[in-house]
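Below is one structure, written out as structure tokens; the observations come after it.
The values are calculated or read from the model by the stated rules, or taken from the named source; none is laboratory data. Computed from a predicted model, the values in this text were never measured in an experiment. All Cβ positions, even for glycine, are placed from backbone atoms using ideal geometry, and neighbour counts span all protein chains on display.
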Amino acid sequence: MAFMKKEIAHFWELLYVMTEKEIRARYKNTVFGFFWLIANPLLQMIVIGFIFTFFMREPILHYNYYLFVGLLVWNFFSLSLTKATPSIMFERTLIKKAVFPREVIPLSIILSNAVHFLAALLLYTLPILFLHTLTLLSIPAIFGGIMVLIAFTVGVSLLTAALNVRFRDINFFVQALLIIWFYATPIVYSFSVIPAKFVWMWRLNPMTSIVQLLQFGFIGSAPPDFLLCISNIIVTVVVCVIGMVTFRKESRYFDDWI
Amino acid sequence: MKKKFPIAIQLTDITKEYTIHHEKPTLVEKFYKGKEEKFIALNHVSLTIHKGERVGIIGRNGSGKSTLLKIISGIATPTSGRVAVFGRSISIIDIEAGFHHDLTGEQNIFVNGMLVGMTKQEIIKQYYKIIRYAALRQFIDAPLFTYSEGMKLRLGFSIAVHANPEIFILDEGLGVGDDDFRKKAKRTLLENKKNRTIIICSHNLELIEEQCTRIILVDKGIILRDGGMDVLHSYGRFIEE
């Protein structure tokens with residue numbers, strides 16, 4: 001038991017150090033560093049905001065802010081997944097050298113992205129304060145949304161990272177999927193425009209309630225309905241369990257395939 | 001004599017099969033290919049190594065030496081059989097692995113030290129010893145890309161030594177730095193603190209002769225011979241056959 005406790009403590013320590021390394025290494029040689037974090041979704045927001053207002057039948061209140069928070073969430077998710085999926089292959093020298101819980105490789109990537117994501121959200125809150133859309137309900141909504149987002153990102157990333165070692169085309173599959181997935185999530189449009197007979201598809205996509213929870217929390221858009229939330233959370237839990245179990249099982253054989 | 005020491009490593013009936021893939025493996029391939037080609041790297045190998053033994057593993061390329069080391073260090077998992085390893089093991093296979101070139105020497109000591117199994121506390125305690133051993137004092141806050149190849153190897157070796165492993169595994173000898181440092185490294189290995197078990201796999205027979213007392217000859221996935229120096233001396237003849 002004492003041994004287990006030591007193992008777990010070492011895991012968290014290692015994860016912390018690796019995350020720190022990820023953050024440090026990323027911005028080591030860029031002068032702007034943090035600036036890019038905001039600039040990227042800002043540019044996307046301006047472009048999409050300009051074009052989509054032509055097509056929208058029912059305008060969304062505070063559309064630019066609506067877009068921006070969705071894009072922040074999406075960028076965190078897609079960047080984490082794109083980087084975590086081939087991460088085991090990129091660290092093959094490490095895998096062949098030392099024995100450590102392999103989970104820290106994709107997890108440190110996700111956590112370093114999460115730090116950036118939270119920093120960006122904090123900055124985003126400043127102009128939001130002037131909209132007077134924040135309420136007491138905002139806190140649990142935003143907090144809950146972030147929790148589900150991180151859990152879901154971890155689950156999917158562990159699964160794709162583990163499978164990509166054995167099947168290299170998973171990486172390409174993820175790239176293609178992300179493009180479709182972006183449009184399958186209410187980021188540029190509102191959930192209310194989806195015809196009732198297709199709603200089940202969004203119930204299978206946890207990104208729906210995640211994005212909706214944050215949109216609701218920050219700018220008071222319609223919150224996700226109860227059924228959607230529950231089914232999204234169930235999917236998240238299932239994906240998480242499958243991801244963790246698959247990674248655990250596959251990680252013992254990573255060395256054979258890289 | 002051996003019986004007095006507790007067991008450090010016990011391998012029981014280990015078999016390791018690899019799937020041969022000619023190109024990058026893909027999921028699509030799995031659906032139309034069906035049967036996979038197998039290669040048996042280790043074939044029902046059993047081996048017991050006691051604490052404090054100094055074992056040299058020799059054999060031709062592709063004989064299964066490296067696979068054996070990987071199984072012992074826990075990097076690879078056997079297809080069947082049981083592995084029991086008592087104590088922390090460190091394998092020096094790729095000394096530089098895990099270094100990040102944009103980070104400073106100091107930051108790399110922490111990342112690398114923890115990857116090989118040290119806790120933060122241990123690293124803080126050993127920090128100055130690591131730097132002194134690697135002779136890197138004035139460079140320690142410079143980013144790693146400014147280091148020479150030798151400096152990086154020294155730092156990596158120093159971290160491994162100060163991690164105080166009970167089992168030290170070396171693949172392909174000591175490529176460490178210049179002559180002086182190589183001598184220092186060899187001396188460190190010979191010091192053998194706390195009955196440290198040392199396993200070296202190399203084509204460099206001189207190194208094996210200098211460092212080891214027990215020699216294991218691996219060939220075609222099985223242990224062909226297991227004994228003392230006589231195994232090493234008859235190796236030359238074996239290779240010619």
What residue, among those in the range A:144-180 that are away from chain B (no Cβ under 14 Å) and without any contact (Cβ under 8 Å) to a residue 40 or more places away in the chain, is farthest from A:Val199 (Cα to Cα)? A:Met147
Please go through the range B:65-89 and pick out each residue that is in contact with a Lys or Arg (Cβ under 7 Å, 6 or more places away or on another chain) and free of Cβ contacts under 8 Å to residues at least 40 places away in the same chain. B:Ile75, B:Thr77
Residues A:Phe3, A:Phe34, A:Phe11: which one is at pLDDT 80 or above, surrounded by fewer than 20 Cβ atoms within 10 Å (Cβ to Cβ) and closer than 30 Å to B:Gly113 by Cβ? A:Phe11
For the range A:135-190, the count of residues that are more than 27 Å from A:Ile258 (Cβ to Cβ), part of a helix (DSSP H, G or I) and more than 18 Å from the chain's Cα centre (by Cα) equals 3
When you scan the range A:115-138, do you find a residue that is closer than 29 Å to B:Val116 by Cβ and within 14 Å of chain B (Cβ to nearest Cβ), even just one? no
Residue by residue through the range A:113-141, note down the ones that are touching a helix residue (DSSP H, G or I) at 6+ places or on another chain (Cβ under 6 Å) and within 14 Å of A:Tyr66 (Cα to Cα). A:Ile128, A:Thr133
For the range B:136-163, name all the residues that are part of a loop (DSSP other than H, G, I, E, B) and either surrounded by fewer than 17 Cβ atoms within 10 Å (Cβ to Cβ) or touching a Cys at 6+ places or on another chain (Cβ under 7 Å) (or both). B:Asp141, B:Ala142, B:Ser148
Which residues, counting only those in the range A:194-207, are of a type outside the set (Lys, Arg) and over 23 Å from A:Asn75 (Cβ atoms)? A:Pro195, A:Ala196, A:Phe198, A:Val199, A:Trp200
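Results for (1) of a type outside the set (Ser, Thr, Tyr); (2) within 14 Å of chain B (Cβ to nearest Cβ), shown as yes or no for each residue.
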residue: A:Val199; (1), (2): yes, no
residue: A:Ser209; (1), (2): no, no
residue: A:Leu214; (1), (2): yes, no
residue: A:Phe218; (1), (2): yes, no
residue: A:Ala222; (1), (2): yes, no
residue: A:Ile230; (1), (2): yes, no
residue: A:Val239; (1), (2): yes, no
residue: A:Glu250; (1), (2): yes, yes
residue: A:Asp256; (1), (2): yes, yes
Being under 14 Å from the mean Cα position of the chain (by Cα) and on the phi > 0 side of the Ramachandran plot is the filter here, so list the residues in the range B:65-111 that pass it. B:Gly74
May I ask you to say which residue of A:Ala114, A:Ala141, A:Ala151, A:Ala161 is buried (at least 23 other Cβ atoms within 10 Å of the Cβ) and modelled with pLDDT of 90 or more? A:Ala161
Residue in the range B:40-51 that is at pLDDT 80 or above, outside any strand (DSSP E or B) and either crowded, with 16+ Cβ neighbours inside 10 Å or touching a His at 6+ places or on another chain (Cβ under 6 Å) (or both) present: yes
For the range B:192-206, how many residues are surrounded by fewer than 14 Cβ atoms within 10 Å (Cβ to Cβ), modelled with pLDDT of 80 or more and part of a helix (DSSP H, G or I)? 1
Please enumerate the residues belonging to the range B:93-106 that are touching a Pro at 6+ places or on another chain (Cβ under 9 Å) and more than 7 Å from every other protein chain (Cβ to nearest Cβ). B:His101, B:Thr104, B:Gly105
Identify, by number, the condition in (1) within 14 Å of chain A (Cβ to nearest Cβ); (2) without any contact (Cβ under 8 Å) to a residue 40 or more places away in the chain that B:Gly62 doesn't meet. (1)
